[in-house]
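Undergrad: Take this structure, written in C-alpha coordinates, and hold onto it; I'll ask about it next.
The values are calculated or read from the model by the stated rules, or taken from the named source; none is laboratory data. These figures come from a predicted structure and were not determined experimentally. When we count neighbours, we look across all protein chains shown, and the Cβ atoms used for this are built from the backbone with ideal geometry, even at glycine. With ligands, DNA and RNA removed, areas are computed over all heavy atoms of the protein, side chains included. Shrake-Rupley method; radii C 1.70, N 1.55, O 1.52, S 1.80 Å.
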Amino acid sequence: MPEDYIKDGKIKCLVCSKYFVRPISHAWQVHGLQAREYKEKYGLDLKKGIATEEYKEVMRQHVQTNGTLKNLKKGAVYRFKKGQDTNYTRSKQTKERLKVHFARVRSIEGRTITIQKITVACAECGTLKVIYPRYYKKDNNFCGVVCRNISNNKKRHEKN
Ligand SMILES: [Zn+2]
Ligand SMILES: [Zn+2]
(Lines give C-alpha, C1' and ligand atoms only; values in the text may rest on other atoms or scores of the structure.)
(Ligands and ions follow the chains in the order given, each with its own letter.)
Protein backbone atom coordinates (compact mmCIF):
# COMPACT_ATOMS: atom_id res chain seq x y z
CA MET A 1 0.00 0.00 0.00
CA PRO A 2 1.47 3.39 -0.93
CA GLU A 3 2.44 5.55 2.02
CA ASP A 4 0.07 8.34 1.16
CA TYR A 5 -2.85 5.97 0.62
CA ILE A 6 -4.86 7.72 3.32
CA LYS A 7 -4.97 11.43 3.98
CA ASP A 8 -7.35 13.22 6.39
CA GLY A 9 -9.54 10.15 6.61
CA LYS A 10 -9.86 9.92 2.82
CA ILE A 11 -8.51 7.21 0.56
CA LYS A 12 -6.49 7.78 -2.56
CA CYS A 13 -8.02 6.79 -5.84
CA LEU A 14 -5.29 4.74 -7.48
CA VAL A 15 -6.43 5.87 -10.92
CA CYS A 16 -6.33 9.64 -10.57
CA SER A 17 -4.52 10.00 -7.21
CA LYS A 18 -7.20 12.22 -5.75
CA TYR A 19 -8.69 11.51 -2.32
CA PHE A 20 -12.19 10.30 -1.59
CA VAL A 21 -14.21 9.00 1.33
CA ARG A 22 -15.55 6.22 -0.90
CA PRO A 23 -13.01 5.78 -3.68
CA ILE A 24 -14.77 2.64 -4.91
CA SER A 25 -17.95 4.51 -5.78
CA HIS A 26 -15.85 7.33 -7.17
CA ALA A 27 -13.90 4.88 -9.35
CA TRP A 28 -17.18 3.59 -10.71
CA GLN A 29 -18.73 6.99 -11.33
CA VAL A 30 -15.68 8.71 -12.79
CA HIS A 31 -13.48 5.98 -14.20
CA GLY A 32 -16.18 3.43 -14.98
CA LEU A 33 -14.43 0.75 -12.97
CA GLN A 34 -16.44 -1.72 -10.94
CA ALA A 35 -15.19 -2.57 -7.48
CA ARG A 36 -13.86 -5.91 -8.68
CA GLU A 37 -12.07 -4.39 -11.70
CA TYR A 38 -10.60 -1.63 -9.60
CA LYS A 39 -9.25 -4.04 -7.02
CA GLU A 40 -7.89 -6.43 -9.62
CA LYS A 41 -6.22 -3.67 -11.58
CA TYR A 42 -4.34 -2.39 -8.56
CA GLY A 43 -3.69 -5.68 -6.82
CA LEU A 44 -6.04 -5.11 -3.92
CA ASP A 45 -7.56 -7.99 -1.97
CA LEU A 46 -10.87 -8.79 -3.65
CA LYS A 47 -12.47 -10.18 -0.50
CA LYS A 48 -11.62 -7.19 1.66
CA GLY A 49 -12.87 -3.65 1.63
CA ILE A 50 -10.25 -1.20 0.49
CA ALA A 51 -10.22 0.69 3.77
CA THR A 52 -7.32 0.17 6.11
CA GLU A 53 -7.64 -0.14 9.87
CA GLU A 54 -6.83 3.53 10.30
CA TYR A 55 -9.67 4.53 8.03
CA LYS A 56 -12.09 2.15 9.72
CA GLU A 57 -11.18 3.64 13.08
CA VAL A 58 -12.02 7.12 11.80
CA MET A 59 -15.41 5.84 10.64
CA ARG A 60 -16.04 4.11 13.97
CA GLN A 61 -15.40 7.32 15.83
CA HIS A 62 -17.67 9.15 13.44
CA VAL A 63 -20.52 6.72 14.16
CA GLN A 64 -19.92 6.93 17.88
CA THR A 65 -20.04 10.70 17.77
CA ASN A 66 -23.39 10.62 15.99
CA GLY A 67 -24.69 8.02 18.40
CA THR A 68 -23.75 10.12 21.37
CA LEU A 69 -25.55 13.10 19.91
CA LYS A 70 -28.76 11.15 19.51
CA ASN A 71 -28.68 10.50 23.23
CA LEU A 72 -28.25 14.17 23.98
CA LYS A 73 -31.99 14.85 24.06
CA LYS A 74 -31.89 17.15 27.04
CA GLY A 75 -28.42 18.36 26.32
CA ALA A 76 -26.98 21.47 24.83
CA VAL A 77 -28.02 20.70 21.27
CA TYR A 78 -31.67 20.40 22.21
CA ARG A 79 -31.77 23.60 24.23
CA PHE A 80 -29.87 25.38 21.54
CA LYS A 81 -32.35 24.35 18.86
CA LYS A 82 -35.32 25.23 21.04
CA GLY A 83 -34.20 28.83 21.34
CA GLN A 84 -33.52 29.21 17.66
CA ASP A 85 -35.51 31.23 15.22
CA THR A 86 -37.24 28.53 13.20
CA ASN A 87 -37.05 30.61 10.04
CA TYR A 88 -33.31 30.45 10.23
CA THR A 89 -31.97 27.24 8.83
CA ARG A 90 -28.32 26.56 9.25
CA SER A 91 -26.42 25.12 6.37
CA LYS A 92 -25.69 21.42 6.53
CA GLN A 93 -22.03 22.17 6.88
CA THR A 94 -22.60 24.40 9.88
CA LYS A 95 -24.77 21.75 11.49
CA GLU A 96 -21.99 19.24 11.09
CA ARG A 97 -19.58 21.64 12.71
CA LEU A 98 -21.98 22.23 15.60
CA LYS A 99 -22.38 18.50 16.08
CA VAL A 100 -18.65 18.09 16.35
CA HIS A 101 -18.44 21.01 18.74
CA PHE A 102 -21.09 19.62 21.07
CA ALA A 103 -19.59 16.19 20.89
CA ARG A 104 -16.36 17.67 22.15
CA VAL A 105 -18.13 19.44 24.97
CA ARG A 106 -19.77 16.17 25.89
CA SER A 107 -16.49 14.28 25.96
CA ILE A 108 -15.06 16.83 28.32
CA GLU A 109 -18.14 16.48 30.50
CA GLY A 110 -17.44 12.78 30.58
CA ARG A 111 -15.05 13.74 33.36
CA THR A 112 -17.88 15.77 34.96
CA ILE A 113 -17.05 19.42 35.06
CA THR A 114 -18.50 21.18 38.05
CA ILE A 115 -17.97 24.83 38.77
CA GLN A 116 -16.57 25.07 42.24
CA LYS A 117 -18.40 27.62 44.34
CA ILE A 118 -16.36 29.69 46.74
CA THR A 119 -17.08 31.04 50.20
CA VAL A 120 -16.67 34.75 50.73
CA ALA A 121 -17.19 36.90 53.79
CA CYS A 122 -19.48 39.90 53.63
CA ALA A 123 -17.30 42.99 53.66
CA GLU A 124 -19.68 44.65 56.10
CA CYS A 125 -20.85 42.06 58.63
CA GLY A 126 -18.56 39.14 57.90
CA THR A 127 -21.37 36.69 57.19
CA LEU A 128 -20.14 33.89 55.01
CA LYS A 129 -21.77 33.45 51.66
CA VAL A 130 -21.30 30.78 48.99
CA ILE A 131 -21.08 32.23 45.50
CA TYR A 132 -19.96 31.36 41.99
CA PRO A 133 -16.43 32.62 41.38
CA ARG A 134 -17.65 34.89 38.59
CA TYR A 135 -19.61 36.97 41.14
CA TYR A 136 -16.58 37.58 43.26
CA LYS A 137 -15.60 41.21 43.62
CA LYS A 138 -12.45 42.05 45.46
CA ASP A 139 -13.28 43.58 48.88
CA ASN A 140 -16.78 44.25 47.65
CA ASN A 141 -18.78 41.13 48.51
CA PHE A 142 -21.89 41.59 50.59
CA CYS A 143 -24.36 39.18 52.14
CA GLY A 144 -27.22 41.26 50.81
CA VAL A 145 -28.58 44.63 49.82
CA VAL A 146 -28.73 45.90 53.40
CA CYS A 147 -25.01 45.46 53.96
CA ARG A 148 -24.22 46.85 50.54
CA ASN A 149 -26.22 50.01 51.32
CA ILE A 150 -24.58 50.41 54.72
CA SER A 151 -21.18 50.14 53.09
CA ASN A 152 -22.07 52.58 50.32
CA ASN A 153 -23.35 55.10 52.87
CA LYS A 154 -20.11 54.84 54.81
CA LYS A 155 -18.09 55.41 51.67
CA ARG A 156 -20.17 58.49 50.91
CA HIS A 157 -19.48 59.79 54.40
CA GLU A 158 -15.77 59.17 53.98
CA LYS A 159 -15.70 61.20 50.80
CA ASN A 160 -17.44 64.20 52.39
ZN1 LIG B 1 -10.12 8.66 -9.47
ZN1 LIG C 1 -23.44 41.49 55.62
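Undergrad: Which net charge results when you count Lys and Arg as +1 and Asp and Glu as -1 among the other residues whose beta-carbon is under 11 Å from that of Asn140?
TA: Value of the local net charge: +2.
Undergrad: A follow-up question, please. Any idea of the accessible area per residue across region 118-159, 1.4 Å probe, to the nearest Å²? Write down the numbers at each step before the final one.
TA: On the way: 3290 Å² over 42 residues.
Result: 78 Å² per residue.
Undergrad: What chymotrypsin sites (Phe, Trp or Tyr not before Pro) does region 129-160 have in DSSP loop regions with at most 11 other beta carbons within 10 Å?
TA: Tyr136
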